[in-house]
Structures are given as C-alpha cells and as structure tokens.
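The values are calculated or read from the model by the stated rules, or taken from the named source; none is laboratory data. Note that the structure is predicted; figures quoted are calculated from it, not measured. In this analysis, Cβ positions are derived from the backbone assuming ideal geometry, glycine residues included, and neighbour counts consider all displayed protein chains.
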Amino acid sequence: MHKDIIPMLRGVKEKGLRIGLISNCFLEEAIVIKKSVLYPYFDAVCLSCDERVKKPGLAIYKKCLEKLNVQAGDCLYVGDGGSDELEAARMAGMAAGQAVWCLKEGKDRPSKRKTEFLQLETPLDVLAILS
C-alpha cells in the first residue's frame, strides 16, 4: 500500500466528502477487503461478488452512486485503469482519474497509462484535484 493512501483518505473525509469503493473480486478477496485498515474510510462499498454485477458494467457504478446518495457529475472516480473501469466511470457521468501509483512494471501490470484521463501520480494528487 502506498504510504499516502491513508493521509489521502483522511483528507477527503476532512473535506466532508463521501468515499465509495467499487471492486471486482472473489469472495476470498472480499473477506480481506472487509478486514483492511482502509475499509472504515468507505461510506459505500460495492464488491462484485456481493452485488452480482461487475466493472465495467454500469450497474455497479449506479449501485455505488445510490448507496452514496450522490449524482455522477459530482464524483471523481479513481482507479488503475484495468477492466475498462475509467471508461465506464466516464460513461456513467463521473470525472475519472488514473491512479498511476498503482501501475506496476512488467507483464502483469493491471493497465498502461491512459493519458485521456487525469493522471494522478500519487494519492495526494487526489486531494489537489478536489481542492
């Protein structure tokens, strides 16, 4: 985990903003997510194994928006860019930023840079965008 994730999440909460989590995962991964130190920061969680829908389908984005009780146009979606998630978030009406700090070198990286989206080099860039 990047050292600035928790400071970023705290900063978002201090701004009075709500945070949602959308993840494609299996039941075993969901158990780990729910036990994570990050989990309490989320106001709404949509895990594909629980919701029975997954990214890039728009239904999971809409479910998260409903749980957060917010409009898509008021949201910034942040992700590594895998699973066509950024494109789907944009189609759902959200601004989308690529969490470049998540990209890994080598053949198993989740995605490549998608420069048509906001490029967030560190988690603290999220706070800068929200200011």
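Taken as a whole, the range 49-63 holds no residue that is modelled with pLDDT under 95, buried (at least 16 other Cβ atoms within 10 Å of the Cβ) and more than 24 Å from PRO7 (Cα to Cα). For residues that are surrounded by 16 or more Cβ atoms within 10 Å (Cβ to Cβ), farther than 22 Å from GLN71 by Cα and in contact with a strand residue (DSSP E or B) (Cβ under 7 Å, 6 or more places away or on another chain), scanning just the range 102-122, find the one that is modelled with the lowest pLDDT. Selected residue: LYS114.
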